[in-house]
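Derivation of every value follows stated rules applied to the coordinates shown; laboratory data play no part. What you see is a predicted model; the values in this text were computed from it and never measured. Cβ placement follows ideal geometry from the backbone for every residue including glycine, while neighbour counts extend to all protein chains displayed.
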Amino acid sequence: MSKEERSKYTKYETTKGVVECVSYAKVWGETAKDKSEYLTDLHTKYYNEIGKKYGLERGIQYHELTEEEKRERRHKSKVLLEAERQAKQAIAEAEKLKAEIEAETSVVAQQKEEAQKDLKTAQSGFLAKIFSLASIRKKRQLSSRNRMSLVSRKPLAVSSKLLD
């Protein structure tokens, strides 16, 4: 190993000899900020070397997320996760039912429109029959009046001829 790599190891003396151990604080950094910077650089290098090659996207840094996205990334208990899963499932089922109801509503609306068209057609046909019957009755009444007037005119016509 190089001296630089060996400097990352801490040596402890034990009864059996010297044991070399890795000091992760020296690798990743002593403070939380140093660790964060190290991991950010590690992710960026990984993305540049491998991620781009396979069409992967670079993850968004935590401080760049919105408050809602940050809330999604916080640790959640099993009970909370199960409640969220059930809520999402209920929402999905409700949306499915809503879609079914909307589809049924559109079918019913189409049937209503067809029924209204049929009703209008039937009404117009019924009215046409009523008016045709009424006109036939009027014709009959007129023809019967004409007959009556003809019958009543004949004697008048005859009497007028007699007077002449």
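Data table
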quantity	calculated
The stretch 37-80: chymotrypsin sites (Phe, Trp or Tyr not before Pro) in DSSP loop, at most 14 other beta carbons within 10 Å	Tyr54
Whole-Hz couplings from phi, Karplus 6.51/-1.76/1.60, listed for the stretch 123-129; x for Gly and Pro	5, 5, x, 5, 5, 4, 5
Vicinal HN-Hα couplings computed from phi for the stretch 111-119 (Karplus, 6.51 cos²θ - 1.76 cosθ + 1.60; Hz; Gly/Pro x)	5, 5, 4, 4, 5, 5, 5, 4, 5
Whole-Hz couplings from phi, Karplus 6.51/-1.76/1.60, listed for the stretch 34-41; x for Gly and Pro	4, 4, 4, 4, 4, 5, 4, 4
Residues Thr31 and Ile60, FRET efficiency given R0 of 25 Å [Cβ-Cβ distance, rounded to 0.05]	0.65
Added length on full extension, which subtracts the Cα-Cα distance from 0.36 nm per residue, Asn48 to Thr121	19.0 nm
